[in-house]
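Working notes, structure below.
The values are calculated or read from the model by the stated rules, or taken from the named source; none is laboratory data. Values in this document were obtained by computation on a predicted structure and should not be read as measured data. Counting neighbours? That spans all protein chains shown, and the Cβs are built from the backbone with ideal geometry, glycine included.
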Amino acid sequence: MDLFLLFLAAFLVNNIVLLRFLGLCPFFGVSSKLETAIGMSMAVIFVMTLSSIITWLLYNYILVPLHLVYLRTATFILVIASLVQFTELFLKKSAPALYKALGIFLPLITTNCAILGVAFLNIDYGHSIIQTIVYAIGVALGFMLALVLMAGIRERIEFAPIPKPFKGLPIAFILASLMALAFLGFVGLFGLSL
Amino acid sequence: MFRHFVNGILKENPVLVLAIGLCPTLAVSTSAYNALGMGVAVIFVLTMSNLIVSAARKVIPQNLRIPIFIIIISTFVTITDYVMKAYLPELAKNLGVFVPLIVVNCIILGRAEGFAYKHSVPAALLDGLGSGIGFTLVIFIIGSIREILGAGTWMSIPGGFEGFKVFGEGFLNYPVLFMILPPGGFLVIAFLMALSRKLTGEA
Amino acid sequence: MLVSSSPHIRTKETIESVMYAVVLALMPALLGAIYFFGLRALFLTALAVISAVLTEYIYQKITRRPITALDGSAIVTGILLAFNIPVNSPWWLPVVGSFFAILIVKQLFGGLGYNIFNPALAGRAFLMASWPSIMTGRWSAPIRPAGSTMSGIDVVTSATPLGVLKYHATPEVVAKLNSGPMLKALFIGNTGGCLGETSALLLLLGAIFLLIKGIIDWRISLGYIGSVFVLTGIFYLFGITRANPLFHILSGGVMLGGLFMATDMVTSPVTPLGRWIFAIGGGVIAVLIRIWGGYPEGVSYSILLMNMVTPLLDRLTIPKRFGEVKK
């Protein structure tokens, strides 16, 4: 039950993009087409889960015993950057089909602050390794939910007579605002707060 | 000269035009004070990393520059994080995970790579200060708008100054809470973006 | 059926005839609101309508677009917004709500036919986020309450029947909520609540008129109200909710939402299958929020959340015509 609540908080109640403001660059950057939104989401689910596990192990089994906690920021970002590179190489060699689908999104992921943010949050919240995995998957699926809904709507409003200063990015922000407003309906679900 | 300044704020504004550095801009702009805190932290990190990158630009090998930049930036981010936690714990709590996340703020790596690595130390220093102030200005304006409408106060400091009362008692009883909630952040940025487009004549 | 493809009805005559039919269909509930809650209900509704129409007019004047402020759609938004606020709200609440609904939710997206969210509901959610104490705390009891059915429930802090169920549900109170007189009061409308949502009878009366005229789709109403009924019925049998399913569909905003808001043709899917999914999804979310959520009522959020899914539902359920090239 605790794990279910942790998942639900990460997925809906504290939705990473709409209510926690992490991962906004890809949220606005790759949400104009549904296909790319799905591809990006898949890549994020994969990398976020993997990077959360690795940074958690690194922190608890290397940085803490060696009293190097102050190196957290530097190590985490380097680990994530190299992880993305390795994933890219690995997929290219052993899973070309998957690489074809996710390949172009992998370099973009390095700039996704949600990946690093979730790695930090796992430490700050004192998650166990199981909680870390559940949390990472919840956050990543929440990212996917927001991104896919956003892409579906942006495709629809592509040809709408939106006032000129609002075309493109500003209307996407208005959309995000209204989506976040609707997501406020989940606040308090099972006592989970914002 | 003035036109140049306006362009820097409006036409090449990282947040409003290029849409980078969005996450901290939205997340910590719930009050003017929080926004200012984040802005000053970014100015510090940006100026110092520009300084070091520029000073060491002759010894940083081309192909290893990005990881080295990241290490330099994260050093100053860690210093900021620890100093803030020690001396301004309330602010550190409000900014939360967004302090260590300054390390992935694209503006900072962008200036290191795009400017400091190719220019002299004084130029890099000024560039860092300038870009940092530009970022701070936007985030401070957004924070001020959200705090004034959403709480009815301006520049209130947790555990300290209770803030200027902008609209008087009637409004203070019923401020537009929406503005300090997440959807309010998105809305304010959308309007500022549209406004900056209108002012620069792009739309 | 009037509606065929997504950016719907365009010609002036059809928009006006449809919108004014909806206005007419909302009149029984408005008269009921005036009867149950007093003249203030009319005052607030008028303010909401005037604010909606004026916002649209001024916006269209400034941006030099064709003026369509009186095509009826802004009037519908105004009435529905007023129906979603408590009668003791301050006068500026419907004004601000309508302004937000028309400007941000409707006009910025290109006006009627292009909005993604139901304007009145998003306006209500905005009011709810901004002034929760007014929206939930200061509800007003009807001036003609339903006799003794609610007695035994603290009159001073008494909330809507749903609020009572959520926060003050002692066994005696629950027995009263499930009783025949209570259900009858909910059906007629002399209970506490937002000013236009309380009378299932009068809302149904208007909705039947719209159903006959083919302006709203029975699938959405049946899917929405039906799924609330079935799900709360199952939960009632398992003891997860203590109120019976009849109480659940008659209380709060289920009737208003399921008949007049979920059925909004601009923000609901086009295909029958899409509509079923939309309606049932909405009903399920509403029940979820009612039972486990942070608010006593989840109708408005449930429809807003499904509004977001509408483009995807259309995309998934519209059959590809022969020879159609995917763009």
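Take the range C:251-306 and flag every residue that is of a type in the set (D, E, K, R), part of a helix (DSSP H, G or I) and over 22 Å from C:Val18 (Cβ atoms).
Looking only at the range C:251-306, we keep the residues that are of a type in the set (D, E, K, R), and these are C:264, C:275, C:290, C:297.
With the extra rule that they be part of a helix (DSSP H, G or I), the set shrinks to C:275, C:290.
Answer for the range C:251-306, where residues must be of a type in the set (D, E, K, R), part of a helix (DSSP H, G or I) and over 22 Å from C:Val18 (Cβ atoms): just C:Arg290.
Go through C:Gly252, C:Gly281, C:Gly226, C:Gly294 for me and flag whichever is free of Cβ contacts under 8 Å to residues at least 40 places away in the same chain and either under 17 Å from the mean Cα position of the chain (by Cα) or more than 14 Å from chain A (Cβ to nearest Cβ) (or both). Even if it seems obvious, please write down each step before you answer.
Details: C:Gly252 fails: free of Cβ contacts under 8 Å to residues at least 40 places away in the same chain; C:Gly226 fails: free of Cβ contacts under 8 Å to residues at least 40 places away in the same chain; C:Gly294 fails: either under 17 Å from the mean Cα position of the chain (by Cα) or more than 14 Å from chain A (Cβ to nearest Cβ) (or both).
It is C:Gly281.
Quick check on my filter: what residues within the range C:60-100 are of a type in the set (Gly, Ala, Ser) and on the phi > 0 side of the Ramachandran plot?
Looking only at the range C:60-100, we keep the residues that are of a type in the set (Gly, Ala, Ser), and these are C:69, C:72-74, C:78, C:82, C:89, C:97-98.
Listed by number, the list holds a single entry, C:Gly72.
Conditions (1) touching a Gly at 6+ places or on another chain (Cβ under 9 Å); (2) within 12 Å of another protein chain (Cβ to nearest Cβ), marked per residue:
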| position | (1), (2) |
| --- | --- |
| A:Lys92 | yes, no |
| A:Thr110 | no, yes |
| A:Gly117 | yes, yes |
| A:Leu145 | no, yes |
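Filter the range A:61-72 for residues that are without any contact (Cβ under 8 Å) to a residue 24 or more places away in the chain and part of a helix (DSSP H, G or I) and give the result. Can you show your working first?
As a first pass, look at the range A:61-72 and keep what is without any contact (Cβ under 8 Å) to a residue 24 or more places away in the chain: A:61-71.
If the condition is that a residue be without any contact (Cβ under 8 Å) to a residue 24 or more places away in the chain and part of a helix (DSSP H, G or I), then A:Tyr61, A:Ile62, A:Leu63, A:Val69, A:Tyr70, A:Leu71 are the ones that fit.
When B:Arg111 is evaluated against the numbered criteria (1) surrounded by fewer than 22 Cβ atoms within 10 Å (Cβ to Cβ); (2) under 20 Å from the mean Cα position of the chain (by Cα); (3) within 26 Å of A:Pro26 (Cβ to Cβ), which criterion, by number, is the only one it fails?
B:Arg111 satisfies all of (1) surrounded by fewer than 22 Cβ atoms within 10 Å (Cβ to Cβ); (2) under 20 Å from the mean Cα position of the chain (by Cα); (3) within 26 Å of A:Pro26 (Cβ to Cβ) except (1).
Quick one: how many residues across the range C:124-135 are more than 25 Å from A:Glu155 (Cβ to Cβ) and under 16 Å from the mean Cα position of the chain (by Cα)?
Of the residues in the range C:124-135, the ones more than 25 Å from A:Glu155 (Cβ to Cβ) are C:124, C:126-135.
Remaining after also requiring under 16 Å from the mean Cα position of the chain (by Cα): C:124, C:126-128, C:135.
Here the count works out to 5.
Working carefully through the options A:Ser51, A:Ser31, A:Ser82, find the one that is within 14 Å of chain B (Cβ to nearest Cβ) and part of a loop (DSSP other than H, G, I, E, B).
Numbers: A:Ser51 fails: part of a loop (DSSP other than H, G, I, E, B); A:Ser82 fails: part of a loop (DSSP other than H, G, I, E, B).
The match here is A:Ser31.
For the subset of the range B:87-103 comprising residues that are β-branched (Val, Ile, Thr) and in a helix (DSSP H, G or I), which member is farthest from the other protein chains (Cβ to nearest Cβ)? Write out each step before concluding.
Initial filter on the range B:87-103 (β-branched (Val, Ile, Thr)): B:97, B:99, B:102-103.
Now narrow it down to the ones that are in a helix (DSSP H, G or I): B:97, B:102-103.
Details: B:Val97: 5, B:Ile102: 9, B:Val103: 5 Å.
Taking the candidates together, the pick is B:Ile102.
Taking the condition of being more than 8 Å from chain C (Cβ to nearest Cβ) and either more than 22 Å from the chain's Cα centre (by Cα) or buried (at least 24 other Cβ atoms within 10 Å of the Cβ) (or both), how many residues in the range A:152-171 meet it? Let's see the steps before the verdict.
We begin by selecting, within the range A:152-171, every residue more than 8 Å from chain C (Cβ to nearest Cβ); these are A:154, A:158-159, A:164-165, A:167-170.
Narrowing further to those that are either more than 22 Å from the chain's Cα centre (by Cα) or buried (at least 24 other Cβ atoms within 10 Å of the Cβ) (or both): A:158-159, A:164-165, A:167-168, A:170.
Adding up the residues that qualify gives 7.
Being out of contact with any Gly (no Cβ under 8 Å at 6 or more places or on another chain), more than 10 Å from chain A (Cβ to nearest Cβ) and under 16 Å from B:Met179 (Cβ atoms) is the filter here, so list the residues in the range C:100-129 that pass it.
Answer for the range C:100-129, where residues must be out of contact with any Gly (no Cβ under 8 Å at 6 or more places or on another chain), more than 10 Å from chain A (Cβ to nearest Cβ) and under 16 Å from B:Met179 (Cβ atoms): just C:Leu103.
With the checklist (1) within 29 Å of C:Leu316 (Cα to Cα); (2) in contact with a Pro (Cβ under 9 Å, 6 or more places away or on another chain) in hand, flag the one item A:Gly138 doesn't pass.
(2)
In the list C:Ile220, C:Ile225, C:Ile212, which residue meets the criterion of being more than 15 Å from C:Glu297 (Cα to Cα), aliphatic (A, V, I, L, M) and either in contact with a Leu (Cβ under 7 Å, 6 or more places away or on another chain) or surrounded by 18 or more Cβ atoms within 10 Å (Cβ to Cβ) (or both)? Before the answer, list the steps.
Details: C:Ile225 fails: more than 15 Å from C:Glu297 (Cα to Cα); C:Ile212 fails: either in contact with a Leu (Cβ under 7 Å, 6 or more places away or on another chain) or surrounded by 18 or more Cβ atoms within 10 Å (Cβ to Cβ) (or both).
Residue meeting the stated conditions: C:Ile220.
Pairs only if they're at least six apart or on different chains, beta carbon under 7 angstrom, first in the range B:181-203 and at the interface with chain A (Cβ under 8 Å from one of its Cβ atoms), second assigned to a helix (DSSP H, G or I) and charged (D, E, K, R); list them, first residue then second.
From residues that are at the interface with chain A (Cβ under 8 Å from one of its Cβ atoms), the pairs are B:Gly184/B:Arg146; B:Gly185/B:Arg146; B:Ala203/A:Lys164; B:Ala203/B:Arg197.
Working only within the range B:113-122, note down all residues that are modelled with pLDDT under 90 and in a helix (DSSP H, G or I).
Here is the first cut: in the range B:113-122, the ones modelled with pLDDT under 90 are B:113-115.
Those that are modelled with pLDDT under 90 and in a helix (DSSP H, G or I): B:Glu113, B:Gly114.
In the range C:48-102, which residue that is among the hydroxyl-bearing types (Ser, Thr, Tyr) and under 23 Å from C:Val18 (Cβ atoms) is nearest to the chain's Cα centre (by Cα)? Steps first, answer last, please.
Of the range C:48-102, the ones among the hydroxyl-bearing types (Ser, Thr, Tyr) are C:51, C:55, C:57, C:59, C:63, C:68, C:73, C:77, C:89, C:98.
Subset that is under 23 Å from C:Val18 (Cβ atoms): C:51, C:55, C:57, C:59, C:68, C:73, C:77, C:98.
Details: C:Ser51: 19, C:Thr55: 21, C:Tyr57: 24, C:Tyr59: 25, C:Thr68: 24, C:Ser73: 15, C:Thr77: 10, C:Ser98: 14 Å.
Within the range C:48-102, the match that is nearest to the chain's Cα centre (by Cα) is C:Thr77.
Does the range C:288-298 include one or more residues that are at pLDDT 95 or above, assigned by TED's automatic domain parsing to the domain that holds C:Val174 and of a type in the set (Ser, Thr, Tyr)?
Checking the range C:288-298: not a single residue is at pLDDT 95 or above, assigned by TED's automatic domain parsing to the domain that holds C:Val174 and of a type in the set (Ser, Thr, Tyr).
B:Leu51 versus (1) among the hydrophobic types (A, V, I, L, M, F, W, C); (2) within 14 Å of chain A (Cβ to nearest Cβ); (3) part of a helix (DSSP H, G or I): which is the lone unmet condition?
Among (1) among the hydrophobic types (A, V, I, L, M, F, W, C); (2) within 14 Å of chain A (Cβ to nearest Cβ); (3) part of a helix (DSSP H, G or I), B:Leu51 violates only (2).
Yes or no: C:Glu16 at pLDDT below 95 and in a helix (DSSP H, G or I)?
Values: at pLDDT below 95: yes; in a helix (DSSP H, G or I): yes.
Yes: the conditions hold for C:Glu16.
Kindly establish whether A:Leu175 is under 18 Å from C:Val266 (Cα atoms), at the interface with chain C (Cβ under 9 Å from one of its Cβ atoms) and in a helix (DSSP H, G or I).
Yes.
Among (1) under 26 Å from B:Leu64 (Cβ atoms); (2) assigned to a helix (DSSP H, G or I); (3) out of contact with any helix residue (DSSP H, G or I) (no Cβ under 9 Å at 6 or more places or on another chain), where does A:Ile104 come up short?
If we test A:Ile104 against (1) under 26 Å from B:Leu64 (Cβ atoms); (2) assigned to a helix (DSSP H, G or I); (3) out of contact with any helix residue (DSSP H, G or I) (no Cβ under 9 Å at 6 or more places or on another chain), just (3) comes out false.
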